[in-house]
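The values are calculated or read from the model by the stated rules, or taken from the named source; none is laboratory data. None of the values given here were measured: they were computed from a predicted structure. A quick note on method: Cβ atoms are made from the backbone with ideal geometry, for glycine too, and the neighbour counts reach across all protein chains shown. The accessibility values were calculated without ligands, DNA or RNA, using every heavy atom of the protein model including side chains. Shrake-Rupley method; radii C 1.70, N 1.55, O 1.52, S 1.80 Å.
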Amino acid sequence: MKQPHQWRFIPLLNLSGKEQMAIDKWLLIQHQKYNHPPTLRFYTWNRPTISLGFSQKKKYPPHWNNLQWHGKSIDIVQRPSGGRGVLHQGDLTYAVISSQFEGNLDEVYRQISQFLIMGWQRLGVNLSFGKPHRQYFKSSNCFALSTNADLTDSQGNKFIGSAQLKKGKFSLQHGSMLLNPTPELFKKVFNTLPPQAVLENFPNIDTIIETLLNAAQEYFNAEFIHQPLSSKEWKLIEIETKDILH
């Protein structure tokens, strides 16, 4: 049996979209250039935020610039990865930074996503890969249509939308797990209701994270070192936030 790879696990962080994207981008650079270990983390967003795929840039519905919820504006942030717009509210996001997976973008997607399939199966949700849809890139809403990078439930409802940035063998893959979105807000943003929840009552976030972490440990043959971001790392990450949209 092969010796486990050493991975870093960063405990749950609840921050702004700008900070979360800066962390993901910074971790990829550290892994790519400075021998930082592969990393898994989960995070939530401290206010409703729309994240844009890298190729979207300013190509999104104009009314998004003036959206408010409970008297506060909804943030818009640029992801370093691809895909379409995601409303982060009532979701849990994961991020994997690694260089141990071989193949093209699609092959790496499928390898990384196996830990999500394995973990959610243990939580009572059977997921499978979505099918490519030619209209996907004409929609602003990531969860309107699935691609082969997404995971859908047995009824075909999209549950996890993922996106990836690949730099040679180095990959950042992150994605949103739609746990408990507010239908009124989702409709305000996308003019449609969210996909049906795959479960009426999800376990609490701590249970979800622990289950997915155990699945990742098995599937990636990884030994996870629990290590929060240090104050020195936070100072370096702050520099990255200046490059993030809005």
Inset, instruction - Please list 9-16, 65-72, 45-52 highest first by mean number of surrounding beta-carbon atoms within 10 Å per residue. - result: 45-52, 9-16, 65-72
Legend entry - Per residue solvent-accessible surface (Å²) - the range 162-235, probe of 1.4 Å: 54 Å²
Inset, instruction - Would you mind telling me the share, in percent, of accessible area of the chain contributed by carbon and sulfur at probe 1.4 angstrom? - result: 49 percent
Legend entry - Cα-based Rg of the range 8-92 normalised by 2.2 N^0.38 Å, two decimals: 1.18
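What does the convex hull of the Cα atoms come to per residue for the chain, in Å³? Spell out each step's value before the answer.
On the way: hull volume 31.9 nm³, N = 246.
Measuring per residue, one finds 129 Å³ for the Cα hull of the chain.
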Inset, instruction - Determine which aspartates and glutamates satisfy two conditions relative to Lys18: a Cα distance under 18 Å, and not lying fewer than 8 residues away in the same chain. - result: Asp75, Asp91, Glu233, Glu238, Glu240, Asp243
Legend entry - Derived scalar couplings ³J(HN,Hα) [the range 101-117; Karplus, 6.51 cos²θ - 1.76 cosθ + 1.60; whole Hz; x for Gly, Pro]: 9, 9, x, 7, 4, 5, 5, 5, 3, 5, 5, 5, 5, 4, 5, 5, 4
Inset, instruction - Name the residues whose placed amide hydrogens come within less than 5 Å of the amide hydrogen of Ser81, ignoring near sequence neighbours (fewer than 5 apart) on the same chain. - result: Phe54
Inset, instruction - Take the alpha carbon atoms of the range 88-118, find their center, do the same for the range 59-74, and report the distance between the two centers in whole angstrom. - result: 29 Å
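How far, in nm, would the chain grow between Asn201 and Gln100 when pulled straight, counting 0.36 nm per residue and subtracting the alpha carbon separation? Mind showing how you got there, number by number?
Values: separation 101, 0.36 × 101 = 36.36 nm, distance 3.49 nm.
Length gained, Asn201 through Gln100: 32.9 nm.
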Legend entry - Charge dipole (the chain, unit charges on Cβ, about Cα centre) - positive-most of Thr152, Leu116, Asn104: Asn104
Inset, instruction - Run the 1.4 Å probe and let me know the accessible area of Lys158, rounded to the nearest 10 Å². - result: 10 Å²
Inset, instruction - With the convex hull built on the Cα atoms of the range 143-216, state its orientation-averaged projected area in nm². - result: 6.4 nm²
Legend entry - Restricting the range 168-246 to trypsin sites (Lys or Arg not before Pro) in coil, as DSSP defines it, with at most 11 other Cβ within 10 Å: Lys242
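May I ask which of Lys72/Lys242; Lys131/Lys166; Lys59/Lys235 have a Cα-Cα span longer than 27 Å here? Please report the intermediate quantities before stating the final value.
Working: Lys72/Lys242 22 Å; Lys131/Lys166 21 Å; Lys59/Lys235 32 Å.
From the list (Lys72/Lys242; Lys131/Lys166; Lys59/Lys235), the Cα-Cα distance tops 27 Å for Lys59/Lys235.
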